[in-house]
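The values are calculated or read from the model by the stated rules, or taken from the named source; none is laboratory data. Keep in mind that this is a model prediction, so the values were computed, not measured. So basically every Cβ, Gly included, is an ideal-geometry build from the backbone, and we count neighbours across all protein chains shown.
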């Protein structure tokens, strides 16, 4: 895609895109192609969190390109787009890869930020891919549908991590709310699930274990085992697919007893797929929560650390929060995000340098 910047760059207009992270309830890893093709009816269920990623692009005079990551403190500076394209080393690789794809003309500063802790497993990188893709599309004058953004973000992220990427993480970032992502031979289809935000906010907690991990690695090991015909893994994923279909229906009906039961069952199976999916800290936090009013729990994403989603009994939220904090868990201040991707164009007095 090689297009000149649109008129929004005139008059020093900055573009700001924001996209939320997500918590996955059931069906993760099945969203890796072609695994879902082996499990008819496959679906992934998740919901967006008020943990946000942002991308801001501001035009500058001349041809210089600057890429900044505010949360990781990484920065690149190039005299021009051509210099960026010729360079084989980028500190802010995510931004550099997407700029290389869109190739916007003229000078600009691209700044990204993420509220997600490192390696949290709540799709911080995928949400940031969506925010940055949307901002660069707008800046470059490219009209893209949400599905086109998803395809670009997913494919470029696969280039970044060098292993297959699943599709589920991009939909909460695009649409917000609760989602069922239907994985079929005819394509991927997003369904918004109507939920009351209060129901989600009162029943679920997201806890960071402080142990970053590479989600692609655990997913890749499980992926290979499935493709190689590991009977245990294939059978587990058949059951995980059935659980996810049940979770889809339970969430639509607001059947919270069933949601809790399925969350527990999903975790039992998922942790048996690969020895690195759980950790001693995760096991301890889940046990502590259960004694304080927790109903169910599972890791977010591929596991091996990162975040754990907890479902708690009515009225037990604060007790569980306190117990988790005492035992080393960091409870993130997040709720259901009803908004997905947002893009704003704002006037700025001076260009960033």
Selected residue (only one of 29, 14, 44 is assigned to a strand (DSSP E or B) and touching a helix residue (DSSP H, G or I) at 6+ places or on another chain (Cβ under 7 Å))
44
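Just for the stretch 54-77: of the residues that are more than 23 Å from the chain's Cα centre (by Cα) and surrounded by 15 or more Cβ atoms within 10 Å (Cβ to Cβ), which one is farthest from residue 118 (Cα to Cα)?
63
Condition check ((1) without any contact (Cβ under 8 Å) to a residue 12 or more places away in the chain; (2) closer than 19 Å to residue 53 by Cβ) across all residues:
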site	(1), (2)
169	no, yes
176	no, yes
182	no, no
198	yes, no
203	no, no
In the stretch 292-332, how many residues are touching a residue at least 40 places away in the same chain (Cβ under 8 Å) and part of a loop (DSSP other than H, G, I, E, B)?
12
I'd like to check which helices (runs of 4 or more DSSP H) are fully inside the stretch 155-236 and have at least 2 residues that are under 30 Å from residue 292 (Cβ atoms), at pLDDT 95 or above and outside the structural domain of residue 34 (by TED's automatic domain parsing).
197-203
Restricting the stretch 95-116 to residues that are part of a loop (DSSP other than H, G, I, E, B) and surrounded by fewer than 20 Cβ atoms within 10 Å (Cβ to Cβ), the one nearest to the chain's Cα centre (by Cα) turns out to be 103
If you go through the stretch 253-275 one residue at a time, do you hit one that is outside any helix (DSSP H, G or I), surrounded by 18 or more Cβ atoms within 10 Å (Cβ to Cβ) and under 24 Å from the mean Cα position of the chain (by Cα)?
yes
Is there any pair linking a residue in the stretch 245-262 that is over 16 Å from residue 312 (Cβ atoms) and in the same structural domain as residue 293 (by TED's automatic domain parsing) to one that is at pLDDT below 95 and assigned to a helix (DSSP H, G or I), with Cβ under 6 Å and at least six apart or on different chains, and which?
none
